[in-house]
Amino acid sequence: MDHETFVWLARSRSWLAEHFDERVRLEMAAQEAYMSPFHYHRLFSRAFSETPHEFVTRLRLEHAKKLIRSSDLTISEICMEVGYGSLGTFSSMFSRHEGCSPVEFRRVYSMPQAWTLKVVPSCMLSLWAVPR
């Protein structure tokens, strides 16, 4: 990939990062890089090892985790804050990527550091499982 193409892709990626909490269509991101959507998607994936959708999803979920840990917002409010229009979509995407629901994630991260196995959700136990 030539330098100029990479610069345009990086510019578009920065634009996506600035607008991750908005409804952004592939055509809009591709326009930032002066490419067709198909060409943009293919080159973006090659340059950054993730699709534009995966990139935006990752940013949304990282921001959601930060809000869950540090704010008193409800899960529904966090869902809307990070750009999801549906609580169901947000919850299933969060669960798929984190291994537990947003509510379970909040329960674990809002506890004092002295956790006991009685209060750790089963989805988190797999993170500490010792291979045999």
For E77, E18, the accessible-area ranking with a 1.4 Å probe, largest leading, is E18, E77
Heavy-atom accessible area with a 1.4 angstrom probe orders H97, H39, H19, most exposed first, as H97, H39, H19
Heads up, region 57-108 by the C-alpha gyration tensor (a ≥ b ≥ c square roots of eigenvalues; a/c under 1.5 rounded, else a/b over b/c prolate, else oblate) looks rounded
Karplus ³J(HN,Hα) for region 13-20 (6.51 cos²θ - 1.76 cosθ + 1.60, θ = phi - 60°; Hz, whole; x = Gly/Pro) runs 4, 4, 5, 4, 4, 6, 10, 4
HN-Hα couplings for region 78-89 via Karplus (6.51, -1.76, 1.60; θ = phi - 60°), in whole Hz with x for Gly/Pro, come out as 5, 3, 5, 4, 8, x, 8, x, 9, 5, x, 5
With every protein chain in place, the accessible area of Y40 for a 1.4 Å probe, in Å² rounded to the nearest 10, comes to 0
Where a ≥ b ≥ c are root eigenvalues of the Cα gyration tensor, a/c under 1.5 meaning rounded, otherwise prolate if a/b exceeds b/c and oblate otherwise, region 1-105 counts as prolate
Carbon plus sulfur, as percent of the 1.4 Å-probe accessible area of region 1-71, comes to 52
Of region 24-56, those with amide N under 11 Å from the point 7 Å along the Cα→Cβ vector of H63 are 24, 56
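The values are calculated or read from the model by the stated rules, or taken from the named source; none is laboratory data. All of these numbers come straight from a predicted model, not from anything done at the bench. In this analysis, Cβ positions are derived from the backbone assuming ideal geometry, glycine residues included, and neighbour counts consider all displayed protein chains. SASA here: full protein model, heavy atoms, side chains in, ligands and nucleic acids out. Shrake-Rupley method; radii C 1.70, N 1.55, O 1.52, S 1.80 Å.
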